[in-house]
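Written below as structure tokens is the structure these notes are about.
The values are calculated or read from the model by the stated rules, or taken from the named source; none is laboratory data. Because the structure is predicted, anything quoted here is derived from the model rather than measured. Here the Cβ positions follow ideal geometry from the backbone for every residue, glycine too, while neighbour counts run over all protein chains shown. Note: accessible area is taken over every heavy atom of the protein model, side chains too, but ligands, DNA and RNA are not part of it. Shrake-Rupley method; radii C 1.70, N 1.55, O 1.52, S 1.80 Å.
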Amino acid sequence: MKAIIEIYGALLFFMIAFGACAKKDIPAYENDARLFFQIPGTGSTALRDSIIYSFPAHPNVGDHDTLWFNANIMGNAAPVDREIGIGINAAGTTAVEGTHYKFESRILPANAFSVRIPILIYREGLKDRSVRLEIEVAENQHFKAGYERYRKAVFIWGDKFMKPDIWDKSNYRNAFGEFTETRYAFILKACNITELPDPMDLVLLGYYNAVVREALLEYNSTPGNEALKDELGSVGFPVFTGIGSNG
């Protein structure tokens, strides 16, 4: 019995000693830090793939403004600042860096997991036209590419009223009809807003629909005004009830 106990004791000592050596000699594994981009949404849209910006919709803005996106990391934070890699997809980009835009910063601060990156956009030279910027994660010495879904982000801006990319497949079309620049400009001015609300907010859309119909009636009945027209003809707005709306 004593011999058996001594054997088990020796075996236990060997296992503990071997485990300690293995833990000491095998370095701990850490995943490579990875980078991905996100554009925050509003309301029911938590995230979006693009930003569409119309300078005329922001009457208090001068010759430039700032668009933002989030650069996030997967992996550990670091005690030093790290540069994030931002690549430009030439095939999907018409904007010229230094002329139409510039990045204000490309740094992830020390000990941070996320940072808001500003893009300064310029109005000059964009009268009645727009430009497009498509960025993508560029791997560097600090970060590899993260989630495939969030490797790219798109920004479109111009000195014209830009059609929201979800207009035709959302409640915007149900509430305001077919998009035209004239119609969109009238909606924003009548409602005193710079962009439309969450398309799933049926109560607010219904309110704005009533506001623009009343404003159009007042405009058309004001002496000296001709009935509002656009490239499609006379402007009119449907009565929005929210029934049968897009979900």
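In what sequence, largest accessible area first, do LEU232, LEU120 appear using a 1.4 Å probe? Mind dumping the intermediate values first?
Details: LEU232 100, LEU120 20 Å².
Correct descending sequence by accessible area is LEU232, LEU120.
Accessible-area rank, largest first, for HIS100, HIS58: HIS58, HIS100, with all protein chains present and a 1.4 angstrom probe. Amide hydrogen proximity for ARG132: with H placed 1.01 Å from N in the peptide plane, the residues at 5 or more positions away or on another chain lying under 5 Å are THR94, ALA95.
Grab the beta carbon distance between ALA138 and ASP165, set R0 = 30 Å, and tell me the FRET efficiency rounded to 0.05.
Details: r = 25 Å, r/R0 = 0.83.
For ALA138 and ASP165, the calculated efficiency is 0.75.
Karplus-based coupling profile of segment 177-187, in residue order and whole Hz: x, 6, 6, 9, 4, 4, 4, 5, 4, 5, 4, with θ = phi - 60° in 6.51 cos²θ - 1.76 cosθ + 1.60 and x standing for Gly or Pro.
Spacing of the modelled spin labels on HIS58 and LYS102, each 7 Å from Cα toward Cβ, amounts to 1.7 nm.
Give the accessible surface of segment 132-238 per residue, rounded to a whole number of Å², with probe radius 1.4 Å and ligands, DNA and RNA excluded. The partial results should precede the final answer.
Working: 5760 Å² over 107 residues.
Heavy-atom SASA per residue in segment 132-238 reads 54 Å².
Among the protein heavy atoms, those of GLU226 account for about 150 Å² of accessible surface (1.4 Å probe, every chain in place).
If you plug the beta carbon distance of ALA112 and ALA185 into 1/(1 + (r/R0)^6) with R0 = 51 Å, you get a FRET efficiency near 0.80.
For segment 133-185, what does the alpha-carbon gyration tensor say about shape, rounded, prolate or oblate, given a ≥ b ≥ c as the root eigenvalues, a/c under 1.5 as rounded, and a/b over b/c as prolate? Write down the numbers at each step before the final one.
Details: a/c = 7.15, a/b = 2.46, b/c = 2.91.
Note, shape of segment 133-185 comes out oblate.
Residue-wise HN-Hα couplings along segment 157-167, as the Karplus relation 6.51 cos²θ - 1.76 cosθ + 1.60 with θ = phi - 60° gives them from phi, are 8, x, 8, 7, 7, 9, 6, x, 5, 9, 3 Hz; Gly and Pro carry x.
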